[in-house]
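No value in this document is a laboratory result; all are computed from the given coordinates. Everything numeric in this text was worked out from a predicted model, so none of it was measured. As a convention, Cβ positions derive from the backbone with ideal geometry for all residues, glycine included, and neighbour counts pool all protein chains shown.
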Amino acid sequence: MTDEKIARINALAKKAKAEGLNAAEQAEQKALRAEYIAGFRASLKAQLDNTVVLNPDGTSFKLREKKSGQ
């Protein structure tokens, strides 16, 4: 996500609080927020995929994805 898109998200949020948004601006805000959240989730997943937990006894293990239902 570029700095320009983040600035646009912030500008739309400020305008929404001050005077409200029209339908086109609401759609743009929704799309930008969805793109931001998708990028955030991808970044967090990549960080967690590369995380290693060190135990006090010196052993280590990588984090793994939790299976559904657990």
Next item on the list: Among what's in the stretch 38-70 and is surrounded by 11 or more Cβ atoms within 10 Å (Cβ to Cβ) and touching a residue at least 12 places away in the same chain (Cβ under 8 Å), pick the residue that is farthest from MET1 (Cα to Cα).
Entry: LEU63
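Is there a residue being part of a helix (DSSP H, G or I) and aliphatic (A, V, I, L, M) anywhere in the stretch 51-65?
The first filter runs over the stretch 51-65 and keeps only residues part of a helix (DSSP H, G or I), leaving none.
No, the conditions are met nowhere in the stretch 51-65.
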Note to self: Filter the stretch 6-46 down to the residues that are more than 30 Å from LEU63 (Cβ to Cβ) and of a type in the set (D, E, K, R) and list them by number.
What the structure shows: ARG8, LYS14, LYS15, LYS17, GLU19, GLU25, GLU28, LYS30
Check: From the list GLU35, GLU19, which one is loosely packed, with under 10 Cβ neighbours inside 10 Å and acidic (Asp, Glu)?
Finding: GLU19
Notebook entry, point to check: surrounded by 12 or more Cβ atoms within 10 Å (Cβ to Cβ) and of a type outside the set (Phe, Trp, Tyr): does that describe ALA24?
Noted result: no
Next item on the list: Please enumerate the residues belonging to the stretch 17-32 that are over 18 Å from the mean Cα position of the chain (by Cα) and in a helix (DSSP H, G or I).
Entry: LYS17, ALA18, ALA23, ALA24, GLU25, GLN26, ALA27
Next item on the list: List every residue pair whose Cβ atoms lie under 9 Å apart, where the two residues are 6 or more positions apart in sequence or sit on different chains, the first residue falls within the stretch 19-32 and is within 16 Å of ALA7 (Cα to Cα), and the second residue, located anywhere, is small (Gly, Ala, Ser).
Entry: GLU25/ALA16; GLN26/ALA16; GLN29/ALA13; GLN29/ALA16
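Name the single residue that is nearest to the chain's Cα centre (by Cα) among those in the stretch 6-16 being loosely packed, with under 13 Cβ neighbours inside 10 Å and either of a type in the set (D, E, K, R) or under 11 Å from LEU32 (Cα atoms) (or both).
ILE6
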